[in-house]
Amino acid sequence: MRRLRERAGLLQKDVVAAKAIGSESMLSKYETGKVPVQEHHVRRLVQFYALYTQGDPVDLEACLTMARQSNEKEWFAEYRDVIPDHSNRLFSQERAAREIRTFEAHHVPGLLQTPEYAQAIMTEAASNAQGAPHTPDPAALRRRIAFRLERQMHLSLPGAPDFYAVLDENVLRRTKFNTPVMRAQLRHLFTLAENSARIHIRVLPFDADAGLVPSHSSVTLLLMQPGYGDDLVYIESSNMGGIYVGDPTEVEKHRQRLTTLFMGAADKDATLAIIEEHIQRLVGKR
């Protein structure tokens, strides 16, 4: 919706002045996805923008389809009680992405984790939050892992997005976890990196150019299918929770940085060699 307005060369106040919508606040909430959109508002806005853009009728149908889908029950609704609120937008939109790119400095991305590794990560996070060793509620933990596996399953379906992941080599050296768990996780990464047609994994080695390393510990970019909303960046750092970046200029900067990072990381063969080296380091250990 925002892209259509900007293509028309209109400010939010121009749209309100033309009585295409009641307030700038409501328009802003629609454009950022903060409230469910109403079809009659979408129809009126798109038809108004078309006066300035020579709009193709496809724009209207695509926006109406997106409005209907955004108002449907979220696929992860049954897991709402065990996932953080700040991640809802990411989970809601990633299934409509045509491509997902991510960088992780500390952990294997959730979409690539084994159940045992995911459990270790979640238990560690719970302990950190408590400031002492702490075991999460077993039932809630099982449901969080089930949710993560359901997210992963989508990557294997026809029409799933291509997934590009860059992992800092430190991710492969995690020593806090049970050795068999870490070894199995590394073998899983190796298998995906070697055989998957849609999942592309690269390792950023210890000796990589320091200028390549992102300033955030976790960055995910969703490049959306046409008609399913604007491209989106989700960022996490050790000193802050998740934040979203939707401004097209900033999103493009992140896209370029992640492209440069992927191209500057070890290539496929070198990545496989690095993962294998870390697997061998753990062979025979308990």
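Numbers for the structure displayed
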{"quantity": "Cβ pairs under 6 Å, 6+ apart, first in region 272-286 and under 13 Å from residue 169 (Cβ atoms) and touching a residue at least 24 places away in the same chain (Cβ under 8 Å), second in a helix (DSSP H, G or I) and hydrophobic (A, V, I, L, M, F, W, C)", "calculated": "275/186; 275/189; 275/190; 278/172; 278/186"}
{"quantity": "Among the residues listed as 147, 163, 103, the single one being farther than 30 Å from residue 266 by Cβ and within 21 Å of the chain's Cα centre (by Cα)", "calculated": "147"}
{"quantity": "Residues of region 106-120 that turn out to be part of a loop (DSSP other than H, G, I, E, B) and touching a Leu at 6+ places or on another chain (Cβ under 8 Å), as a count", "calculated": "2"}
{"quantity": "Those helices (runs of 4 or more DSSP H) lying entirely in region 1-68 with at least 2 residues of a type in the set (Lys, Arg) and modelled with pLDDT of 70 or more", "calculated": "2-7, 39-53"}
{"quantity": "Odd one out for residue 181, checked against (1) more than 26 Å from residue 279 (Cα to Cα); (2) assigned to a helix (DSSP H, G or I); (3) not polar (S, T, N, Q)", "calculated": "(1)"}
{"quantity": "Filtered residues of region 217-227 (kept if at pLDDT 90 or above and not in a strand (DSSP E or B))", "calculated": "217"}
{"quantity": "Residue 80 being outside any loop (DSSP other than H, G, I, E, B), under 30 Å from residue 29 (Cβ atoms) and of a type in the set (Lys, Arg)", "calculated": "yes"}
{"quantity": "Test result for residue 230, assigned by TED's automatic domain parsing to the domain that holds residue 99, assigned to a loop (DSSP other than H, G, I, E, B) and closer than 21 Å to residue 274 by Cβ", "calculated": "no"}
{"quantity": "Counted residues, region 184-209 - those being in a helix (DSSP H, G or I) and either of a type outside the set (A, V, I, L, M, F, W, C) or in contact with a Gly (Cβ under 7 Å, 6 or more places away or on another chain) (or both)", "calculated": "6"}
{"quantity": "Residues satisfying the stated conditions in region 252-272, i.e. surrounded by fewer than 14 Cβ atoms within 10 Å (Cβ to Cβ) and either aliphatic (A, V, I, L, M) or outside the structural domain of residue 229 (by TED's automatic domain parsing) (or both)", "calculated": "263, 270"}
{"quantity": "Candidates 150, 169 - the one that is farther than 30 Å from residue 207 by Cβ, acidic (Asp, Glu) and in the same structural domain as residue 270 (by TED's automatic domain parsing)", "calculated": "150"}
{"quantity": "Residues located in region 207-251, provided they are surrounded by fewer than 11 Cβ atoms within 10 Å (Cβ to Cβ) and farther than 24 Å from residue 91 by Cβ", "calculated": "207, 209, 210, 211, 215, 249"}
{"quantity": "Top-ranked residue of region 104-149 - restricted to ones that are surrounded by fewer than 19 Cβ atoms within 10 Å (Cβ to Cβ) and of a type in the set (Ser, Thr, Tyr), ranked as modelled with the highest pLDDT", "calculated": "123"}
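The rows are residues; the columns are (1) farther than 14 Å from residue 118 by Cα; (2) touching a strand residue (DSSP E or B) at 6+ places or on another chain (Cβ under 8 Å); (3) in the same structural domain as residue 92 (by TED's automatic domain parsing).
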site	(1), (2), (3)
146	no, no, yes
159	yes, no, yes
176	no, no, yes
193	yes, yes, yes
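The values are calculated or read from the model by the stated rules, or taken from the named source; none is laboratory data. None of the values given here were measured: they were computed from a predicted structure. Glycine gets a Cβ as well: all are built from the backbone with ideal geometry, and neighbour counts include every protein chain shown.
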